[in-house]
Amino acid sequence: MEGLIMAAQLMLGLSILVGLHELGHLLAAKAFGMRVEKYSIGFPPKIWGFQYGETEYSFGAIPLGGFVKISGMIDESLDTASMSAEPESWEFRAKPAWQRLIVMMGGIIVNVITGVFIFIVITYNSGESYLTKDVLNQNGIAAYELGQEIGFKNGDKVLKVNGQDYSRFQELINNDVILKENSSYTVQRGDSVFTLTLPNGFLNKYADKKKYDGQFISYLKPFEIKQVMAGSAAADAGLQEGDRFISIEGKSANYFSDFKSILDANKEKEVTAVIQSKTGQTREAKLQIGEDGTLGFYPEILLDFAHQEYTFGESVNKGSQQAFNVVWVNIKAFGKIFRGEVSASKSLSGPIGIAQMFGGQWIWSKFWYLTGLLSMVLAFMNFLPIPALDGGHVVFLTYEIVSGQKPSDKFLEGAQKVGMVLLLGLMVFAIFNDLFKAIF
C-alpha cells in the first residue's frame with residue numbers, strides 16, 4: 001500500500017507540473033498565432049483525449065513527461081516531412097525569433113511561477129516552526145552514524161558554524177553549509193571546546209541515502225507518553241500519560257533516539273524498564289516489545305519549538321527566496337558532480353527515488369512542498385543547454401537573434417536526435433540507478 005501511495009503522489013505531482021509546463025508553451029504559441037496540433041500530459045500511447053479547435057488534448061500512458069506539438073517546429077517527434085515546403089503564417093518557423101524564444105521559455109517561466117507560488121502559499125498558511133540555538137543546547141545534538149564518523153557524539157553542544165553564531169538548528173544542516181568546502185562546527189563537550197570539520201568525501205556519504213539516510217546530526221528529543229493504545233504492550237504494563245522512561249535493560253532511555261534504538265535491538269523480547277510518573281515517582285515495569293519494535297503508545301516530544309507567522313508581503317519575500325534557493329543549490333550540486341567531488345550515482349535520483357521522497361503516507365503539506373521543489377528543479381533542468389530540452393532551443397534562438405543567422409533545419413534535426421539520445425540515456429541511468437540503490 002505504501003508503494004501505491006508513493007507512486008500516486010509522484011504521478012499526481014508530475015502531472016500537475018508537466019501539465020502546467022506544457023500549458024506555458026501552448027498559451028505562448030497561441031498568443032502569437034501559432035497552430036498547436038497536440039497537447040499531451042504523459043507520453044504515448046494515448047489513453048484518453050479530445051479535440052478542441054485545432055488542438056488535440058490527451059493523456060499518455062507513460063506519466064514521466066509530456067509535450068506540445070507546434071506546427072512548423074522540429075521537436076522530439078522529429079516530424080520533418082513538412083519542413084521542405086514554404087512556411088505558412090501560422091507555423092512556428094514563420095514567426096520572428098523573439099516570439100519563438102518566448103514560446104520556448106513559456107514552460108520554464110510557468111514552472112518558476114508555480115514553484116514560487118507554492119512556497120509563498122505554504123509560508124503564508126503555515127508560518128515557520130524552528131528550534132532555537134538555546135533550546136537545542138539544553139540537551140545537545142543527536143549524532144547519527146555519519147555524524148559519529150565525523151566525530152560528533154550525542155549531547156554535544158554546537159556553539160558556532162563556520163566560525164559564525166547561529167540562531168536556529170536548521171542553519172547547522174542547510175545546503176549552504178553542506179555544500180561549502182571545509183565547513184566546520186565549534187563544539188562543546190563537557191568542559192572542552194574544539195572544532196570539527198566536514199572531511200573530504202563527506203558529501204558522497206551524505207548522498208548515500210541507503211546507508212546514512214541523508215542525515216548526520218539532529219537534536220536530542222526528550223519525550224513522555226502522550227497516549228497509550230488500548231490492548232497494547234504499553235497498556236498491559238500499566239503505562240500512563242505523562243510517564244517517562246529513565247532506562248531500559250540498564251541503558252539510558254531519556255531521549256527518543258536512544259529509546260528507539262533499544263527497542264529495535266530487542267524486538268519480540270521482554271525487557272525491564274525504569275519508569276518515572278508525572279508525579280516524580282519511579283517504578284520498574286516488564287515490557288513485551290512487538291515484532292515491529294514498538295510498545296503501542298504515542299510520544300510527545302518535550303521541546304519548546306519557536307513559531308513565526310508571516311504577513312502576505314513577508315511570505316512573498318521569504319517564499320520567493322526559498323524557491324530560488326532550490327535552483328541555486330542545484331547549480332552548486334551539479335558543479336560538485338562535474339568536478340568529481342560527488343558521485344552522480346549517489347546524488348541523482350530518478351522517478352523511484354523521487355517517489356520515495358514523498359513517502360508512504362499522504363501528507364498534503366509535504367506533497368505540496370515537494371511539488372513546489374520539483375517545479376523549481378524542472379525549471380532548472382529544462383533550462384540546461386541540451387538539445388531536445390527547452391534550454392537547447394533557447395541557445396539556438398539566442399544565437400539566431402544575436403547573429404541574424406538561423407541554424408539550418410538539418411542541423412536542428414541532428415541536434416534534436418543527439419539531445420534525445422542524451423536524455424534517454426540519462427533516464428535509463430536514473431531508473432537503473434534507483435533500482436540498484438533500492439536493491440543493494
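Within region 344-366, being touching a residue at least 60 places away in the same chain (Cβ under 8 Å) and not in a helix (DSSP H, G or I) holds for LEU348, SER349, GLY350, GLY359, GLY360, GLN361, TRP362. Condition check for SER343 on (1) of a type in the set (Ser, Thr, Tyr); (2) within 24 Å of TYR212 (Cα to Cα); (3) open to solvent by less than 30 Å² (accessible area, probe 1.4 Å): one failure, at (3).
Taking first residues from region 317-343 that are closer than 22 Å to LYS205 by Cβ and partners that are open to solvent by 60 Å² or more (accessible area, probe 1.4 Å) and assigned to a helix (DSSP H, G or I), the Cβ contacts under 9 Å between residues at least 6 apart in sequence or on separate chains come to VAL329/ASN175; VAL329/ASP176; ASN330/MET381; LYS332/ASN175; LYS332/ASP176; ALA333/ASN175. Scanning region 68-91 for residues that are of a type outside the set (S, T, N, Q) and at pLDDT 90 or above returns VAL68, LYS69, ILE70, TRP90, GLU91.
Pairs linking a residue in region 395-424 that is under 16 Å from ILE102 (Cα atoms) to a residue that is open to solvent by 50 Å² or more (accessible area, probe 1.4 Å) and in a helix (DSSP H, G or I), with Cβ atoms under 8 Å and 6 or more positions apart or on different chains, are ILE401/TRP98.
Would you check which residues across region 1-57 are assigned to a strand (DSSP E or B), crowded, with 21+ Cβ neighbours inside 10 Å and among the aliphatic types (A, V, I, L, M) and list them? Across region 1-57, the qualifying residues are VAL36, ILE41. Residues of region 252-269 that are loosely packed, with under 15 Cβ neighbours inside 10 Å and of a type in the set (D, E, K, R): ASP264, LYS267, GLU268, LYS269.
Counting only strands (runs of 3 or more DSSP E) that sit wholly inside region 150-230, those with at least 3 residues that are touching a residue at least 12 places away in the same chain (Cβ under 8 Å) and under 25 Å from the mean Cα position of the chain (by Cα) are 217-219.
Applying the selection to region 221-256, what residues are among the small types (Gly, Ala, Ser) and out of contact with any Leu (no Cβ under 7 Å at 6 or more places or on another chain)?
First pass over region 221-256, keeping only residues among the small types (Gly, Ala, Ser): 230-235, 237-238, 242, 247, 250, 252-253.
ALA230, GLY231, ALA235, GLY238, GLY242, SER247, GLY250, SER252, ALA253, listed by residue number.
Checking ALA355 against (1) surrounded by 19 or more Cβ atoms within 10 Å (Cβ to Cβ); (2) under 22 Å from LEU26 (Cα atoms), which single condition isn't satisfied? Every listed condition holds for ALA355 apart from (2). Filtered by the rule that a residue be crowded, with 21+ Cβ neighbours inside 10 Å and either assigned to a strand (DSSP E or B) or of a type in the set (Lys, Arg) (or both), region 233-251 gives PHE245, ILE248.
Each residue in region 358-398 was checked for being under 15 Å from MET105 (Cβ atoms), open to solvent by 60 Å² or more (accessible area, probe 1.4 Å) and not β-branched (Val, Ile, Thr), and 3 pass. Residues in region 367-388 that are at pLDDT 85 or above and either outside any helix (DSSP H, G or I) or under 18 Å from ASP213 (Cα atoms) (or both): LEU370, PHE383, LEU384, PRO385, ILE386.
The values are calculated or read from the model by the stated rules, or taken from the named source; none is laboratory data. Remember, predicted model here, so these are calculated numbers, not experimental data. Counting neighbours? That spans all protein chains shown, and the Cβs are built from the backbone with ideal geometry, glycine included. Calculation scope for accessible area: heavy atoms of the full protein, side chains included, ligands and nucleic acids excluded. Shrake-Rupley method; radii C 1.70, N 1.55, O 1.52, S 1.80 Å.
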